[in-house]
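Notes to accompany the following structure.
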Amino acid sequence: MSFDVAAPSDRHGPIGEPVVDEVTGLLTDPTTPVSAPAATTEQLDRLWDDKPGLWGRLTAVQNDAVGRRMMLTGFFFLLLGGSVDSVVMRLQLARPDSEIVGPQLYNELFTNHGSVTMFLVILPIFEGFAILTLPMLLGSREMPFPRLGAFAYWTFLMGGLLYYSSTLFSAVPDVGWFAYTPLSGPQFSPDLNVDFWVLGLGVAEIGAIAGAVEIIIAVLKLRAPGMTLARLPLYAWAMLITAFMILFAFTPLIVGSLLLELERGFGMHFFTPGAGGSSLLWQHLFWIFGHPEVYIQFLPATGIVSMVLPVMVRRRIAGYSWMVAAMIGIGFLSFGLWAHHMFTVGLPAIVLAFFAAASMVIAIPAGVQFFSWIATIWDGQVRWTTPMLFVFGFMITFVIGGITGVMVAAVPFDQQAHDSYFVVGHLHYVLIGGVAFPIFAGVYYWYPKFTGRMMSERLGRWNFWLLFVGVHVTFFPMHIVGLLGMPRRIYTYPEDAGWGLWNLISSLGLLLILPGIGLFVLNVWWSRKHGQRAGANPWGADSLEWALPSPPPQQGWTRLPIVHSRHPLWDQDELHRGDDRHEQLAHALGRWPLKWRAVLVVGTGNGEPEEVFRVANTSIWPFVTALGTVGIFASELLKLRLGALLGAAIVIGSVVMWNRPSPPLMTEEEELAFERDHGVPVRASGSLVVARWGMALAILFVSIAFGSFLLSYFYLRLENPVWPPAGVARPGLGIAAVVVVLFAAAAGAVGAGRRGILAGDRARLVRGLAIGSACAVAAVALLAVDLASADFGPGDHAYGSIFHTLGAFTIVLASVAVVMSVSTLVYAVRGHYSARRFSPVDNVARFWAATGVIAAISITVLYGAPYLTS
Amino acid sequence: MSERTPIPVDSPFEPAVRQASTVGLWVRTIGGPVVWIVHFAFVYFVAEAACATERSGSNGFVGSDALVVAIVVATVVAMAGCGALLVTARRADGDRVMARIGEVLGMGAAGATLVTGLAALVVGPC
């Protein structure tokens, strides 16, 4: 069976038959460089491969495995939640007065459709895509924290399954993907439906943040020698910005979800106006996540388009620096738009104006991107391959969605169109045109690299045209029916409303989309065995990954490339030539070490080699940690508080095991010998540089969470003219001062311990960690006692709820720091650290410094704000 | 010790290759957008606080006129910050591509800040 027009049968044979290195008409210069073969390729391939069998699958950490799994899981959830739900909804709405499904099931369908696509589909697909491709694209061998990547995958999967398990309990979430309070609160949603939404998706959100940390450090630190920031592929820029956005956007949502669950499960009052809460606080916390989330999905898509389009027109991207600036600009601006989802809730006029202005301004960087792509096409010659067709579909569809986006940025128009089908049409044009089409383009483009086979062009063209026409037939009428007044989220409508014809057309469009998706699945499946064999660079592309064999070996790059250009495969005759130092280092790393996984770290700005370190190997602990995490959430769902404690114990234990020092497989003398020869430090016991970046991002995550708690505190303060409520005494300042001093002492003692080990004095390290841990335990105990002895409870009023929650956050944060310092203390006593190998000590000291600052601010706010803001 | 080793490798203190700090690079590159978002957060929170206290019937965190003045002053200061960053980006040595990115972002941030601040003059407070 063949789906290709001009595909000779001899190109379809098994491995060993002739391989084509180009697709007809694409490659004008077939002599693009390839990675140099090396005698150690097979040895490294075995070293980097995951173990076989079930155990191997559970312990796998390699970026190929993690990336593929995340993408496949995302597509699986898409078929489950994206497709089935939408088919039933469109069948229901095809005719007026339809009774195929009732209102309750319809509520569940649109809630599931939105939640799954926004949380469980696009995000894991893009993060998985990044984890899969970035090391090859950047000239590196791995992601910085393979175990964290595995943890991200398991949490995505388990969170999704926990969410979907609601169907087994007939408790499918039914309050929309935004779960507005008070509808989602305990009064109006007393059953478990909303708990499944909060807790299931909460697990997946943790996975999203873990994946983001991986991506940020990979782009900034794990690149080929010579790859400066200005030579970064645009896809890497897009993923870097996206990952930072995930960190800044998902954290407030996690905090908001925590507050919602505390209100539902523990009787607290953050969103209950009668008790001093504010239902708008939830909307703020949700949309601070929710609007950037759209751009979190859009930016990776623009990165893919910026890689595919120049290759298909054989021209460099026009205005690289403008394109990067536009991506960064979109990343920032997207955090100033959240309240445009709240134009009708009664915000002050001037606040509406701020958000309307930002919502319109963001069209400018998006426009810059489009003009850049148009200029690139203008300057080149288009090859209408399937990836390019999807890029074309993206450009047409997203422009329409973008223009309607500017329309709803205008307050008067939005107040008319709000919650109408116009918005449904707009968002589907943005998300399908702006996100789904580039995903298809990316799959068609990179599929040959990972399978060694081309996807069928004939099936691809049918796939594209069915989807393109189907999307417009389905979603364009929604704009019209919305302007005719049809509200969204209604399960049926009367015949005399006049919306029947447009809804019928929309539903008929689905008859084109479904076979389109079916053909895509068929193409992926069929081409894996029968597709035309692909060589290293079938598209004649410019970026590094196309220099590797298709499919690449496990380690990707046996011999690291040396980069001199933004388009290395177009501009460089040879990938392994450079200045002597780079050449010798790349050559050495191709032959050595062969018993541990070595990865090169480079300077953030200049791409100069900075460190060679041993990246983590396979481990069961990410899986166990994810199990513990989902155990906490599942126990809370069933109100099994002891189960939640058990889950927390599993998480603590498995994280300690995950990070326990392993034999470095190399002596310090051997490390120094390599260092003398190549001028780059070697760390067989684990990186210092990457670990510092990881800790910096962990501190950033904690700081954003803390900031979200502070925002909630002061928002509730503003909503309450009297603070604390009448009859509640202001907190005493004496204990607060002692607690702050103890936390400062803990941070100082651990810092002194770090300085001790840097001076080679292990006793000072042990002393510092012991004193620091003791001070911290005392501070935590004092604070806990003071919270417990307050004359008001967390369920009494909003003040009590936020007071105890912020206090508990400080206790939890300090407890994490205590666990870190105690486990480091144990290893220090066992003699594990030295002036050269001290990375965990460094991390603990930095985390303690951050904890000290956050605790001081937290306690100042808790105890001081009632005095300062009365 | 090899000539190629940039610092003494037997140093007990943090034996890592010292890379040039990238703090300046990041300030020049994304300083403009950071100024914009700080300005945006400031004017939003001040407006929210002023209007919330006015709604609750108390005298207000700041009066309406003071709110407008605060927003205008914050806008002028933020735009001056964007201008300073722009000049710094233009004068900086080093990678011209990153400098160009910084310039574009600085100009864009100044424009976005101005558009945000103008709201105080065009639309009435609260």
Calculated over the stretch A:476-575: convex hull of Cα atoms, volume per residue (Å³): 207 Å³
Ratio of Rg to Rh over the stretch A:95-149 (Cα coordinates, Kirkwood Rh, two decimals): 1.35
Lysines whose Cα lies under 17 Å from that of A:LYS51, excluding same-chain neighbours fewer than 8 positions away: A:LYS595
Cross-link partners of A:LYS449 among lysines (Cα-Cα below 18 Å; sequence separation of 8 or more within a chain): A:LYS529
Paired Rg and Dmax values of the stretch A:130-244, which use every Cα atom, in angstrom: 18.7, 60
Distance histogram in 5 Å bins (all Cα pairs of the stretch A:746-843, percent per bin): 3, 14, 22, 17, 11, 9, 8, 7, 5, 3, 1
For the stretch A:791-870: relative contact order, % (alpha-carbon pairs under 8 angstrom, 6 or more apart): 34 percent
Helical mean residue ellipticity (222 nm; -39500 (n - 2.57) per DSSP H run of 4+; nearest 500) of chain A: -21500 deg cm²/dmol
Binned Cα-Cα distances of the stretch A:272-362, short to long, each 5 Å bin given as a whole percent: 3, 12, 18, 17, 14, 11, 9, 6, 4, 3, 1, 1, 0
Projected-area mean, the protein assembly as shown, by convex hull of Cα positions, square nanometres: 39.0 nm²
Theoretical gain in end-to-end length, A:ARG46 to A:LEU79 [0.36 nm per residue, Cα-Cα removed]: 8.4 nm
Pair-distance profile P(r), taking every C-alpha pair of the stretch A:633-767, with 5 angstrom steps and integer %: 2, 7, 6, 10, 15, 15, 14, 11, 7, 6, 4, 2, 2, 1, 0
Euclidean distance between Cα centres, the stretch A:752-803 to the stretch A:818-852, Å: 16 Å
Anisotropy class of the stretch A:518-597 from Cα gyration tensor, a/c 1.5 cut: oblate
Summed side-chain charge close to A:SER834 - residues other than A:SER834 whose Cβ falls under 9 Å, Lys, Arg +1, Asp, Glu -1: +2
Inter-probe distance in nm under a simple model that places probes 7 Å from Cα toward Cβ, at A:LEU501 and A:ALA774: 8.5 nm
Relative contact order of chain A, pairs being alpha-carbon contacts under 8 Å that are 6 or more residues apart, as %: 17 percent
Relative contact order (%) - the stretch B:28-122, alpha-carbon pairs under 8 angstrom, separation at least six: 46 percent
Under-5 Å amide H pairs with A:GLY176, H placed in peptide plane, nonlocal only: A:THR111
Alpha-carbon centroids, the stretch A:618-646 and the stretch A:283-313: separation in whole Å: 32 Å
Rg/Rh (Cα only; Kirkwood hydrodynamic radius) as it applies to the stretch A:518-565: 1.09
Whole-Å distance, taken between Cα centres, linking the stretch B:62-88 and the stretch A:232-266: 29 Å
Within-14-Å neighbourhood charge of A:ILE771 [Cβ basis; K, R +1; D, E -1]: +4
Distant-in-sequence amide H partners of A:ARG683 (H built 1.01 Å from N, under 5 Å): A:VAL612, A:PHE613, A:ARG614
If the convex hull is drawn through the Cα atoms of the stretch B:28-122, its volume per residue in Å³: 66 Å³
Share antiparallel - DSSP beta bridges, the protein assembly as shown, percent rounded to 5: 65 percent
Globularity ratio of the stretch A:318-369, using Cα Rg and 2.2 N^0.38 Å: 1.32
Cβ-defined net charge surrounding A:VAL66, 15 Å radius [Lys, Arg +1; Asp, Glu -1]: +1
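None of the figures in this text is laboratory data; all of them are computed from the coordinates on show. If you're wondering where the values come from, they're calculated on a predicted model, not measured in any experiment. Ideal geometry is used to build each Cβ from the backbone, glycine not excepted, and the neighbour counts take in all protein chains shown.
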